[in-house]
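Peer 1: Here it is, the structure in full.
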Amino acid sequence: MKTISTLQTARYEYKPKLPAVLTSKPEAVAIEYGKPTKSVADQKELAELFKNTYGKPEATFVKGKNPTVNNTIRVGVILSGGQAPGGHNVIAGLYDGIKKGNPDSKLYGFLGGPSGLVDGKYIEIKDKLMDSFRNTGGFDIIGSGRTKIETPEQYDASVETAKKLKLDAIVIIGGDDSNTNAALLAEHFLTIGLSTRVIGVPKTIDGDLKNAQIETSFGFDTATKTYSELIGNIGRDANSAKKYWHFIKLMGRSASHIALECALQTQPNVCLISEEVESQKLTLRQVTDNICSIICKRAENEENFGIVLIPEGLVEFIPEMKNLIASLNDIMAKKEAEFNRCKTFTDKKNWLRNELKGTEFRTFDSLPESIADQFLADRDPHGNVQVSRIDTEKLLAQMVETRLSELKKEKKYVGKFSSYTHFFGYEGRCAFPSNFDADYCYSLGYTAFMLIASGVTGYLASVRNLTLPAKEWTCGGIPLTMMMNMEQRHGEMKPVIKKALVELDGKPFKEFAKKRDKWAIETSFVYPGAIQYYGPTEVCDACSKTLTLERGKRPSCKKNTEKK
């Protein structure tokens, strides 16, 4: 018998809030188009690649008439990529919209991600199944996967599945790569004359799928609040024991949004921002020395403890490490069989001595053996170093310890150093969504339904004005091609949705930079505590500090959030 927690039972009953325009009957919501759009770069190349979907206008939903919204429709939904809190609510919003438009409409969930579409593996989502996943974390209702639909055979199989189920639309819930796939699928369907429309939904806890129209990707709010609770707990422990430095790696390979948000929430002594490290062209030694400088200053105040936050992808932003990784990838691609004949780490190192440039080998040789070996471990399917598996937190902790020992001999360090390392990643991907994410995701799903009912394809669902109460949110869609540029991937120039990195002249980073010197020396930890679901609105419905700083403060409200 399945055991269900009291909180889970209560969350099933929570009624997500919608933008006011979506609370009307579907037939009373019209779509309003703006001016034609263009991509963020490479307009000529992208217009040629997306002859049917490039340059479409932005769409906004307003009160009006929608004569086709009550037609019976058949829709498929895909969860693509890594899990993010709120995915089930996207499906719930989509499901409720479809059924509100016409009770005879059907929603099919493709199993295991995009491969479910290719392989024709699916289930029909009905009331009982949907109700058992509302407002819960995870993607387990239908599962997820990272298959990319890119070969002719995969496209043909996807077309056959769409035809078999007589699908009017497919909704792809995913990040930048998944929604790039959505754009390509929408274009392909139009090219061959298939009427199945394709709509995307912006998902990633990393926070790197955003722009003026997509204010945040879903899951970021919940994940950063979950990580911040854990960081706060460790901060309180550190301030109690007063004898440990905690090096904490956080998810975020391509951008440091998670680390920055968690720093704003918890006020650690050190938070490394990969984009700043790259901008300043810092070496690994300089990063180490900067941390040691703060540790030494705190030791003078007899505070031999602290918190260091580290983005997952930091090593790829340190120029010398980036060059090393690129060279290793290139060498392994050309001489993998030769390398594989090396059985021990010493054999591998000696072999690399003749393959790497002098500066690159010296960088490799400077790494602790346990970390250097991770650069040579199993490659990803494309033969590249799996950066996410490199224990950057352990690397920095070890290098700091070595450097402090040197400083102690030089009588430049008077403290005691003892460290613990942590990696917070999977802990945040499937948490119960915060009220913000529960509401936002439900609104995104309902918006996806309205885009389908309005006859568009190649669009990404967009809900805006997110720092206002939910009833004041606006919603619509933006063309997926609007977010694209051309980038080199595996030796070829390909269309991709451009990742949003931390902007060093943006308000969130400036707020952090203004205060970090104080946090470095003075123990200023903040303890956010667990996510609150019921209680004062200003506590339970608050959005991330990043979003608040970027979009303006949310009006305070002293009413309680009802347990609906």
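The values are calculated or read from the model by the stated rules, or taken from the named source; none is laboratory data. As the structure is a prediction and not an experimental result, all values here were calculated from the model. Counting neighbours? That spans all protein chains shown, and the Cβs are built from the backbone with ideal geometry, glycine included.
Peer 1: Among the residues in region 391-403, are any in the same structural domain as Pro103 (by TED's automatic domain parsing), in contact (Cβ under 8 Å) with a residue 12 or more places away in the chain, on the phi < 0 side of the Ramachandran plot and aliphatic (A, V, I, L, M)?
Peer 2: Within region 391-403, none of the residues are in the same structural domain as Pro103 (by TED's automatic domain parsing), in contact (Cβ under 8 Å) with a residue 12 or more places away in the chain, on the phi < 0 side of the Ramachandran plot and aliphatic (A, V, I, L, M).
Peer 1: Pick out the one residue from Gly252, Gly235 that is surrounded by 22 or more Cβ atoms within 10 Å (Cβ to Cβ) and assigned to a loop (DSSP other than H, G, I, E, B).
Peer 2: On inspection, the qualifying residue turns out to be Gly252.
Peer 1: Something else about it: Give the residues of region 377-400 that are surrounded by fewer than 18 Cβ atoms within 10 Å (Cβ to Cβ) and either closer than 22 Å to Pro311 by Cα or charged (D, E, K, R) (or both), sorted by residue number.
Peer 2: Answer for region 377-400, where residues must be surrounded by fewer than 18 Cβ atoms within 10 Å (Cβ to Cβ) and either closer than 22 Å to Pro311 by Cα or charged (D, E, K, R) (or both): Ala377, Asp378, Arg379, Asp380, Asn384, Gln386, Ser388, Arg389, Asp391.
Peer 1: Hey, could you check region 340-349 for residues that are without any contact (Cβ under 8 Å) to a residue 24 or more places away in the chain and surrounded by 13 or more Cβ atoms within 10 Å (Cβ to Cβ) and say which is nearest to Asp365 (Cα to Cα)?
Peer 2: So the residue we want is Lys349.
Peer 1: Among the residues of region 521-554, how many are in contact (Cβ under 8 Å) with a residue 60 or more places away in the chain and closer than 24 Å to Arg236 by Cα?
Peer 2: So the answer is 17.
Peer 1: Check whether at least one residue in region 160-168 is under 30 Å from Ala10 (Cβ atoms), in contact with a Lys or Arg (Cβ under 9 Å, 6 or more places away or on another chain), among the acidic types (Asp, Glu) and assigned by TED's automatic domain parsing to the domain that holds Thr481, and report yes or no.
Peer 2: no
Peer 1: When you scan region 304-316, how many residues do you find that are crowded, with 24+ Cβ neighbours inside 10 Å and either among the charged types (D, E, K, R) or not in a strand (DSSP E or B) (or both)?
Peer 2: Of the residues in that region, 4 qualify.
Peer 1: Inspect region 515-523 for any residue being out of contact with any Leu (no Cβ under 8 Å at 6 or more places or on another chain), more than 30 Å from Thr53 (Cβ to Cβ), of a type in the set (S, T, N, Q) and crowded, with 16+ Cβ neighbours inside 10 Å and give the result as yes or no.
Peer 2: Checking region 515-523: at least one residue is out of contact with any Leu (no Cβ under 8 Å at 6 or more places or on another chain), more than 30 Å from Thr53 (Cβ to Cβ), of a type in the set (S, T, N, Q) and crowded, with 16+ Cβ neighbours inside 10 Å.
Peer 1: Filter region 25-57 down to the residues that are touching an Asp or Glu at 6+ places or on another chain (Cβ under 8 Å) and crowded, with 16+ Cβ neighbours inside 10 Å, then identify the one that is farthest from Thr447 (Cα to Cα).
Peer 2: Out of the qualifying residues, it is Leu49.
Peer 1: Being modelled with pLDDT of 95 or more, of a type in the set (S, T, N, Q), in the same structural domain as Leu185 (by TED's automatic domain parsing) and more than 30 Å from Met493 (Cβ to Cβ) is the requirement here; does Thr72 meet it?
Peer 2: Yes; evaluated as a whole, the condition is true for this residue.
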